[in-house]
1. Scan the stretch 320-327 and tell me whether some residue there is on the phi < 0 side of the Ramachandran plot and either away from the ligand (no atom under 16 Å from the Cβ) or free of Cβ contacts under 8 Å to residues at least 40 places away in the same chain (or both).
2. Just a yes or no: is a residue in the stretch 299-317 under 18 Å from GLU418 (Cβ atoms), hydrophobic (A, V, I, L, M, F, W, C) and within 11 Å of the ligand (Cβ to nearest atom)?
3. How many residues are assigned to a helix (DSSP H, G or I), surrounded by 14 or more Cβ atoms within 10 Å (Cβ to Cβ) and not hydroxyl-bearing (Ser, Thr, Tyr) when one looks only at the stretch 36-67?
4. So, in the stretch 110-128, of the ones that are in a loop (DSSP other than H, G, I, E, B) and either away from the ligand (no atom under 11 Å from the Cβ) or not aliphatic (A, V, I, L, M) (or both), which residue ends up nearest to ALA217 (Cα to Cα)?
5. Scan the stretch 113-144 for residues that are of a type in the set (Lys, Arg) and either modelled with pLDDT of 95 or more or crowded, with 18+ Cβ neighbours inside 10 Å (or both) and report the count.
6. Condition first: under 19 Å from ASP223 (Cα atoms) and within 11 Å of the ligand (Cβ to nearest atom). Now tell me which residues in the stretch 361-380 satisfy that.
7. Pull out all pairs, ordered by first then second residue, where Cβ-Cβ is under 8 Å, the residues are six or more apart or on different chains, the first lies in the stretch 369-396 and is closer than 20 Å to GLY320 by Cβ and hydroxyl-bearing (Ser, Thr, Tyr), and the second is outside any loop (DSSP other than H, G, I, E, B) and within 16 Å of the ligand (Cβ to nearest atom).
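The values are calculated or read from the model by the stated rules, or taken from the named source; none is laboratory data. Treat the numbers as computed from the prediction; the structure is a model and nothing was measured. Virtual Cβ from ideal backbone geometry, glycine too; neighbours counted across all protein chains shown.
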Amino acid sequence: MSTDTAVRVPHTRVPTAVLRPARTAARWAVRHGLPAVYLERGARRGDPVGRLLRDRAVRDEPYDLYEEIRARGPVSLGSLGPVTASHAVAADVLRSDRFGVGWDDAGAPRLIRWALRFGDELEAAGVAEPPSMLVVDPPDHTRFRRLVSRAFTPRATAEYAPAVRRTADALLDALELRGGEVDLVETYAAQLPVLVIADLLGVPTGRRADFLRWGAAAAATLDPGLSFRRYVTAERALREMHAFLREHFARLRRDPGEDLVSRLVGLPDDEALTERELHATVMLLLGAGFETTVNLLGNAVVLLDAHRDQWNALIAGPAGWDGAVEEVLRYDSPVQITGRVGKDGATLAGREIQPGTRVTVLLGAANRDPEVFADPARFDITRGNARDHLAFSAGIHYCVGAGLARMEGVIGLRALAERFPALRVSGPPVRRDLQTLRGFEHLPVTLR
Ligand code: HEM
């Protein structure tokens, strides 16, 4: 499915005005409409994955449901197939080469295969569609990953830390001038990661309002079962993002900088990415770079406000921020759900499974597994093994940006606490209406 070839559409000359909506409908039907039917039916029957993905209240507060799933055993059967809340099973699946992320549609009904091909369009592709590295297996995965990981080595990340601190300070200066009550997500938690990744990728920070809008659309498309209306809105934003990227690549080809994207567009012929691979890779980096870190920052502020003694301890001893960030990642993970597809010979909790079986891995639940974390529902920034969480996944898809995210978390939170030690959450925070990602859309705070 990760080919760069043009979509095979019928040879008759169909006007774009007809063709485009038809393709949108086909894409939505396979990726969202059909899963929605299964999930809805499952939810009505009480299936936990159906409830998790369809019931807004459960989605806002999923942790009781995770315990129900855990009580059924290390693996249970949900409406989309097997699901696990077990840390051991999740880690095994994520690390096993008998599981992949690529979906072989050869066994799918003809109509679905046709709809996938007909609806396939570079300009509308989201971050979780091939050839995004998130959803391709080796050898393509290895090739993409090698090209980007050089920009995220511990050394590269450490060199970047002073710039992150400067960006955080500039945002805090602006907040200081405003004073009083602000929405911390809008003014800080969303701004810092988007500015950082834009700089790293050499994209103009002046477009950051657009990036945030496009990123939100990309994040929504990670969730199965989007309504048609939400999907159409998301797709419009994705098209704008692709159009921007096309111009951006052309600009960097003419006038390259020192950034990662300049390097990617200027690769020698034997390594060069196709246009489609380039779009998928940069779009993923841009989206993953801020759509998750915003949640880490927001979740951290809410948790530390609710555990004021721990906030005060961090102000007194700022060395504790590393541990605090790990505990936030564990306790309220910004990415809650992922999945893998079994290949030949794949086993799940010791039992062989049918190739093609999709396993839902509840990262947020695995991170509260009492087998690994003592008293897991307790938020404790001094927890010795918090770093054993799976918030960044594991195995070959382990988050490329984990080091950068940790660094942004520590610097961003520490700078905030130093500047506004008396900061308090001043009204009910509003969760983002998302399933895969977990964080806040609005977070009202008083700064002092
Ligand atoms: C708190 C912040 C972040 C969290 C919780 C997070 C979480 C994750 C998770 C769970 C995965 C793997 C999903 C799976 O196994 O199916 C992943 C992959 C990825 N993340 Fe992050 N991420 C964060 C920040 C970042 C940042 C700052 C970047 C920077 C560009 C980034 C780039 C990526 C990329 C490119 C992948 C795909 C890796 C692959 O498929 O090999 N992430 N992230």
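1. Yes; the residues of the stretch 320-327 include at least one that is on the phi < 0 side of the Ramachandran plot and either away from the ligand (no atom under 16 Å from the Cβ) or free of Cβ contacts under 8 Å to residues at least 40 places away in the same chain (or both).
2. The answer is yes; a qualifying residue exists.
3. 16
4. Applying the filter and picking the extreme gives GLY126.
5. The number of residues fulfilling the criteria is 1.
6. Within the stretch 361-380, VAL361, LEU363, GLY364 meet the criteria.
7. Taking only residues 6 or more apart or on different chains, the pairs are THR382/GLY323.
Let's see how each residue does on (1) surrounded by 24 or more Cβ atoms within 10 Å (Cβ to Cβ); (2) more than 17 Å from the chain's Cα centre (by Cα); (3) part of a helix (DSSP H, G or I):
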site	(1), (2), (3)
LEU192	yes, no, yes
LEU195	no, yes, yes
GLY202	no, yes, no
ARG207	no, yes, yes
ARG213	no, no, yes
ASP223	no, no, no
VAL232	no, yes, yes
ARG236	no, yes, yes
GLU240	no, yes, yes
